[in-house]
Amino acid sequence: MKPHKTGITAKPATQKVKIAIVEDQPEVRENWSKLINSFPDFECVCACISGEEALREIPKYRPSVVLMDIFLPRMSGIECTAQLKELLPETQIIILTAMNDKELIFLALQAGAAGYLLKRTKPADLRSALLDVLSGGSPMSSEIARRVVESFHRKAKTIDKSLNLSAREEEILVLLSKGYSNKAIADQLKLSVETIYSYLKRVYEKMRVHSRTEAVIRYLSTHGKV
Amino acid sequence: MTVHLIIRRGLALPFFCGPWWRDHFLRTVWQVVLALPLAFFLTDSARAAETPAPESRDLISTYRLSKIPPDAKKGLGSWIWTDKTFDHQACRLWKDFDIPKDAKVVEARMRITVDDGYQMYLDGRELSQGANWRSITEYDLTLLLTPGRHVLAISAFNDYFAAGMLMDFRVVLADGRVVDIKSDESWKVVPEDVRNWEKLKRSQSGWHSATIITPHPLWTARDWPEDYVVVPRFQPLVVPFWQTGWFHLLLSAVFILFFLACIVLFFQVAFHKKEQRLLNQERARIARDIHDDFGTRLTRLVLESEVAQNELPEQARARHQFSRISDGLREALGAMDEVLWAVNPQRDTVRDFVTYICEYAQEYLQPAGIQCLLEVEPDMPSLDFDLPLRRSLLLAVKEAITNAAKHSDATKLLLKIQRQDSGLNVIVEDDGKGFDPAKSSGKRNGIGNMIQRMNEVGGRCAVASEPGKGCRVEFSIPLTRQHSRLGWLTRRWHTRLEGEDTSAGPPNPENGEK
């Protein structure tokens, strides 16, 4: 994930942003929480060793961001993300991965993750990534953008029209997939970078709903009642 | 559902990674094996339908003359038989004769009758049969006689009472000479225990001469012969090559060989599939091990050193060193990602290749201040992409990108990836200062490298540039290796092993920059 400048300033120290970590390796878990606690405006409130524990413990703390390892014993990080997102829709989940594997990352994004970080990310980049997701921004690489467009095109026929990408969303995704930066897209479409981010956030959300047939069925049934 | 997806992805090892041409070859072989006999059958029957069948024993139409010619008995030899005569007796009469060399046979007319019946062979080939002592049969053998030695063999039999064979064979040559063979004592009687006697070219010591039967009761009979039968001229038997025994033998041998080859190939394909599956399992295991052991340990160390760095006082020198350790470890992990990408069998597809090359281009060009634009055909397939091809293309494209970044002063680079027939087309286009390909071919060894790389694996590389107008490099490559059909037997394992050897090594980013 590429860090970028946002207008958000760090919150007052009295009200630190709550972060939770799900990671099975004790050294990594401890070091991550140490790093997070070393930032003045963040605080690690919960560190879980498995997906099952995360689903039990994390809702009690209602953290703003969850850092989720993608490989967990038994329940995978992706499955845990999907379930946690159901329990805490407002919480942003960032996938942690040791390996830069786009296939898995795409699955994680479909499950509802707001982004991904390599575990070896520099602390400064970690901090700006956290600030990004908190400010509602979800940067997206051109590769992921291309995948998203493709997956929406494949599914478009079977699913409710209102869940499809809007013209503007698709426009942004296509530009992203062609390698244009967020800034360049904002200039071209005469939008602010923040607006681009909010579009992308909506795309992530649509992707999550899309990928879950249960969610689609639920959506259709509630839609029927209204 | 997501877990299910992961499991499915994890298990979906490519079940067959062998070269496409082997299956193709097998299919072709089977088609040929099935089609050849059919083709011969069809051409054979078509030929049989259009040409009149040569007159063979079965098809001879005979003509009984209404009037016995006056010279019917003229010139006939003597009645001959073996020395004893009894009922139900078989007698084998054998006679050789020569047609002079360089002579042309104008007429060869045989009159024959046997009391009671006979089978006649010329040079081992059965010509005719007869079982009527009341008639004389005339044969025209003009077309069958060629210069050289010939053998007449008559297998005669007696029903009861008197027996004998009477014949005259008059061969007129173009120069007026006449070879006249009559039934006389020069005929040999072949003992019953000799096999294939009618085909023998020389008489043997145990054979005794025929005996002249005098007087034969028919010779003096006034009303004999009662019939005179003229058989139409014998045509030489033309055997088309596909009806000859040798050809049948050859054809059978070829089919058997094909069949064996198919069986061998079948087992090899089965073996190859199994081997490929094992290899992929092994690659997956290595990838997992690298990830689990080295990856997680190095990651732990990165975090450890970051935390240590944080815990040191702001001014400490060690802080800088820890920072360098972290950076070094990050680089190592980045290199490991590349190795994992190459080793993991799940990443052998076109789709993953495209992902990889796009990401590489963006990451490489960003620090150089060049905007990297991508134009990737949507829905790249998850088809297998042979490793040697993939590797060559990767290195060549990296080289093109490096050249653009270093020499072109470009501000934009367009990476275009399209599918083309059964291959992949990659175009690297920059808006830099360009060059004159004719003038600077010597300086730009990179271009030669790229072209050579592509040629080695059956791909193409075209470079187009003009001074001031940027540069466009186009690569096209098949997804699977093409082999010449003849060399496949010897190169089979060789190339596969070579190909897989390179898979174990990491794609070396340095190669692209030389």
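Some observations on this one:
- The modelled label-to-label distance for the pair A:E27/B:Q129, using points 7 Å beyond Cα in the direction of Cβ, is 10.0 nm.
- Ranked list, fewest to most other Cβ atoms within 10 Å of each Cβ, for B:K74, B:K95: B:K74, B:K95
- Cα centroid separation, segment A:42-115 to segment B:176-217 (Å): 109
- Residues listed by number, segment B:154-168, amide nitrogen under 20 Å from B:A221 label point at 7 Å toward C-beta: B:156-168
- Using a Förster distance of 41 Å, the FRET efficiency for A:H153-B:Q321 (Cβ separation, nearest 0.05): 0.20
- Residues of segment B:278-315 with amide N under 15 Å of a point placed 7 Å along Cα→Cβ from B:E359: B:291
- Where labels lie 7 Å past Cα in the beta-carbon direction, separation of A:E103 and A:E52 in nm: 2.8
- Estimated at 0.36 nm per residue, the fully extended path between B:S382 and B:Q452 surpasses their Cα-Cα distance by 22.5 nm.
- Segment B:121-177 shape via C-alpha gyration tensor axes, a/c threshold 1.5: prolate
- Shape call, segment B:152-234: gyration tensor on alpha carbons, a/c limit 1.5: oblate
- Alpha carbon centroid spacing (whole Å) that separates segment A:19-36 from segment B:343-358: 31
- With a 10 Å cut-off around each Cβ of A:101-111, the average count of Cβ atoms from other chains is 4.
- Coil-residue GluC sites (Glu not before Pro) of segment B:159-208, DSSP, other Cβ within 10 Å capped at 15: B:E185, B:E192
- Gyration tensor (alpha-carbon) shape descriptor, segment A:17-134, a/c threshold 1.5: rounded
- Legend: mean number of C-beta atoms from other chains within 10 angstrom of residue C-beta atoms, peptide A:69-82, equals 2.
- Segments B:84-92, B:208-216 sorted - mean Cβ within 10 Å per residue, highest first: B:208-216, B:84-92
- In segment B:107-158, GluC sites (Glu not before Pro) in a DSSP loop with at most 16 other beta-carbon atoms within 10 Å: none
- Amide H within-cut-off set for B:Q235, under 5 Å, with H built and near neighbours excluded: B:E55
- Given R0 = 51 Å, the distance between the Cβ atoms of B:Q31 and B:E314 translates into a calculated FRET efficiency of 0.05.
- For B:372-382, mean number of other protein chain Cβ atoms within 10 Å: 4
- Sparse-neighbour loop sites [GluC sites (Glu not before Pro); segment A:43-90; at most 12 other C-beta within 10 Å; DSSP]: A:E90
Taken together, the values in this text are just the output of simple stated rules run on the coordinates, not laboratory data. Keep in mind it's a predicted model, so treat the numbers as computed, not measured. Methodologically, a virtual Cβ is constructed for each residue, glycine included, from the backbone with ideal geometry; neighbour enumeration extends over all protein chains shown.
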